[in-house]
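Everything on this sheet refers to the single structure shown next.
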Ligand code: BGP
């Protein structure tokens, strides 16, 4: 690694997920996934989870930005920017439409074969997420989703098929996207899309979540072991949503709360990278009376399937403050999240904090001593198309350049081993949390709008040329 900046083999690229770009939701034999039954929301209006697809609703993921048909031209644009890698996911429902079939769907397998060939033709390395909110809805409705241990077997079977099929085309894999986000009960779409579960519908949501997670941890560990047997060169990562929480004040209660809440984020990668449940979690289960059903042999499965690297998404930081319970008697802490007065925020209230990325990288590297891959980072904004067709997204350039600078500092000052950087939504796509098109992240603009109109035409934003130069200068010119 060069002392001066980014390593020469640094994986510069961009990231999306199948369901947010592909469209073609019922083509090529594809089945219905959990995200296909999610309606469009808006700024203040949450997306609604419907039972099945209903005629009078708008489901933005059905069409997304039509990458399914347009990937060749889109990949040519990625190549023009100089991408070394491209992160996307394989939609489980293209390969096993219901999830429980004996034989995979050849049309789905062929689609990804063709797409990977196109990437490799341009010298772009695919980085593949196996589960990015795309599990078959059939498994939710007929098996009770991940609460049922059988679903872990279906996931492993799906992963085995694709890892064997693409063993000479794909080297970098991620098992579950942002596995730690399902803790977020306030927004049920997280639990639903991560694991097909609405946790607040089941008595004690934590008990259910930990059982679901145990099955996901087992599945992930089995996939890592299996992947290494299929091709020892595979690099298979754990992936978490990384949002550092700062104590709101220097009051020790605030510091302790921030530490406790950070552990709740780390526990996912603690299990996936270290291969066992940490002591603080076992203590938490004891305190809360949570009993996770395990079978003999489960602990060794976890130990034998430790992830090779840690992938993170990073968008922002947040602050937390601890307060005494209103009765004043007890001293239990509870979360009260507010805005940080030192930071600006995006239109969606996401606080912009490049230093927070440096904090994250440094903490995570100390914790695991494993390479870190930043597989999501970016600025969701409403873009203005000028009369001459140009899009001057200087705010996006500012955000990204400050964050890349922070990565560079983490590498050069702290010696963090960062493998790559793939900004989120390198081509405009459907926003996950809101289902909107207008919350754009791309270097490539897509003419598609929230009322359903638009030609799907692609055009290059100012940030396209900026990022092209960042890659060409290996991060020197920001
Ligand atoms: C992450 C998800 C992505 C993506 C991103 C941006 O949590 O992994 O799928 O959507 O957030 O979020 P949003 O699209 O809601 O702005």
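Each value in this text was obtained by applying a stated rule to the coordinates, not by laboratory testing. As the structure is a computational prediction, the values presented were derived from the model and not from experiment. FYI the Cβ positions are ideal-geometry reconstructions off the backbone, even for glycines, and counts take in every protein chain you see.
Work out how much length residue 120 to residue 279 would gain on full extension: take 0.36 nm times their residue separation and subtract the Cα-Cα distance, in nm to one decimal.
This chain segment gains 52.9 nm when fully extended.
Return 373, 67 ranked ascending by Cβ neighbour count within 10 Å, so the fewest neighbours appear first.
Listed from fewest to most nearby Cβ atoms, that is 67, 373.
For the chain, divide the Cα radius of gyration by the Kirkwood radius and give the resulting Rg/Rh value with two decimals.
Computed over Cα atoms, the ratio is 0.94.
Please list log₁₀ I(q)/I(0) at q = 0.14, 0.16, 0.19 Å⁻¹ for segment 109-252, using the Debye equation with identical point scatterers on the alpha-carbon positions.
So the normalised log intensities are -0.73, -0.89, -1.12.
Given an 8 Å cut-off on Cα distances and at least 6 residues of separation, report the relative contact order of segment 1-125 as a percent. It would help to have the intermediate numbers written out before the result.
Numbers: 164 pairs, mean separation 41.1, N = 125.
Relative contact order of segment 1-125: 33 percent.
What does the C-alpha gyration tensor say about the overall shape of segment 1-51? Classify as rounded when a/c is under 1.5, otherwise prolate if a/b is larger than b/c, or oblate.
Values: a/c = 4.84, a/b = 2.06, b/c = 2.35.
In terms of gyration-tensor shape, oblate.
What is the spread of the Cα atoms of segment 390-453 along each of their three principal axes, largest first, in whole Å?
Result for segment 390-453: principal-axis Cα extents of 48, 25, 15 Å.
Give me Rg/Rg_expected for segment 174-248, where Rg uses Cα atoms only and Rg_expected = 2.2 N^0.38 Å with N residues.
Normalised by 2.2 N^0.38 Å, the Cα Rg of segment 174-248 equals 1.29.
Mean residue ellipticity at 222 nm from the helices of the chain, using -39,500 (n - 2.57) per DSSP H segment of n ≥ 4 over the full residue count, to the nearest 500 deg cm²/dmol? Mind showing how you got there, number by number?
Working: 14 runs with 179 residues, N = 478.
Helix-only estimate at 222 nm: -12000 deg cm²/dmol.
List, largest first, the extents of the alpha carbons of segment 11-98 along their principal axes, each in whole Å.
Principal extents (Cα only, largest first): 41, 34, 20 Å.
Once every Cα of segment 67-107 carries one equal point scatterer and solvent is ignored, give the base-10 log of I(q)/I(0) from the Debye formula at q = 0.14, 0.29 Å⁻¹, two decimals.
-0.48, -0.98
Cα convex hull of segment 197-337: mean projected area in nm², to one decimal?
Details: hull surface 42.3 nm².
Projected area, direction-averaged: 10.6 nm².
Would you calculate the volume per residue, in Å³, of the smallest convex hull containing every Cα atom of segment 85-159?
76 Å³
Does segment 175-215 come out rounded, prolate or oblate, given a ≥ b ≥ c as the square roots of the eigenvalues of its C-alpha gyration tensor, rounded meaning a/c under 1.5 and, failing that, prolate meaning a/b above b/c?
Oblate shape, in that a/c is at least 1.5 and b/c is the bigger or equal ratio.
Quick one: if you stick a label point 7 Å off each Cα along the C-beta vector at residue 153 and residue 369, how many nm between them?
Distance between label points: 3.9 nm.
Compute the FRET efficiency between residue 142 and residue 186 as 1/(1 + (r/R0)^6), taking r as their Cβ-Cβ distance and R0 = 25 Å, and round to the nearest 0.05.
On the way: r = 28 Å, r/R0 = 1.12.
Computed FRET efficiency for residue 142 and residue 186: 0.35.
Compute the FRET efficiency between residue 73 and residue 263 as 1/(1 + (r/R0)^6), taking r as their Cβ-Cβ distance and R0 = 41 Å, and round to the nearest 0.05.
0.35
Rounded to whole Å and sorted largest first, list the principal axis extents of the Cα atoms in segment 355-403.
50, 17, 14
What order do you get for 342, 71, 441, 395 when you list them from fewest to most C-beta neighbours inside 10 Å?
342, 395, 71, 441
Evaluate the Debye formula for segment 335-467 with equal point scatterers sitting on the alpha carbons, no solvent, and hand back log10 of I(q)/I(0) at q = 0.10, 0.15, 0.20 Å⁻¹, in q order, two decimals.
-0.39, -0.80, -1.19
How much length is gained if the chain between residue 347 and residue 44 is pulled fully straight, taking 0.36 nm per residue apart and subtracting their Cα-Cα distance, in nm to one decimal?
107.9 nm
Spin-label point model (7 Å from Cα, Cβ direction): what's the residue 9 to residue 100 distance in nm?
Calculated label separation equals 4.4 nm.
Taking the Cβ of each residue in 86, 10 as the centre, tally the other Cβ atoms inside 10 Å and list the residues starting with the fewest.
Sorted ascending by nearby Cβ count, the order is 10, 86.
Quick check: residue separation of residue 295 and residue 27 times 0.36 nm, minus the Cα distance between them. What number comes out in nm?
Contour length minus Cα-Cα distance gives 92.5 nm.
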